[in-house]
Amino acid sequence: MLKRFWLSAVILVLSLGSRASAQVELANLREDVRGLNQRLSELSLKVEQLERENNDLRAKHGSAERGYATLVQLNDAVSDLNRVIKSAVATSKNETLAQVATQMEKLGKQTNAALDSLAKNQATRPAVTTSFGEDYPKEGVSYTVQKGDNLASIAKKTGAKQQDIINANKISDPSKINLGQTLFIPVAGNK
């Protein structure tokens, strides 16, 4: 069942055009992670800059005990900052994973619904004719299928019997004739 869910999710994404939406979601998530990484880099650079400034101030004033931050204090501040950043990244990651899981669940439900619909449509399709009669007029005309045509409308336009057209052209599924397809139309009364 789990394999069907994932396979269904993949098929749905590929076949229903949801792939673009999933890619947008994924791109947004990647952009969020990229933004957090950039912010972490900026903060690391700021910490390095503060360390340099602190060292410069110590050198200028000769003593680290005049109220300047000590190296231990600075390291503690950096450690605290790193913990806060890691916590924010972990929270963001968990939120992102939750959103992805929700989207995958929705896609799975949509895929299952689409598969069920397809299965119902297949079950209710009329029986396909696989044998054809030879009792139709052997003389006739050619007809090219036009937009909006179906076998009933072609039979009406040409005065031929629909079953004769089916038999003459060996059409196994009368609902599937193609635009531009050339059909032989038996002329009635010339059997």
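Entry remark, the range 94-111: residues being farther than 17 Å from Asp32 by Cα, out of contact with any Ser or Thr (no Cβ under 9 Å at 6 or more places or on another chain) and among the hydroxyl-bearing types (Ser, Thr, Tyr) number 1 in total. Among the residues of the range 157-191 satisfying the criterion of being more than 40 Å from the chain's Cα centre (by Cα) and loosely packed, with under 11 Cβ neighbours inside 10 Å, which is modelled with the highest pLDDT? In this case the residue turns out to be Gly159. Mind listing whichever residues of the range 135-155 are of a type outside the set (A, V, I, L, M) and assigned to a loop (DSSP other than H, G, I, E, B)? The answer is Asp135, Tyr136, Pro137, Lys138, Glu139, Gln146, Lys147, Gly148, Asp149, Asn150.
The values are calculated or read from the model by the stated rules, or taken from the named source; none is laboratory data. What you see is a predicted model, and the numbers here were worked out from it, not measured in a lab. A quick note on method: Cβ atoms are made from the backbone with ideal geometry, for glycine too, and the neighbour counts reach across all protein chains shown.
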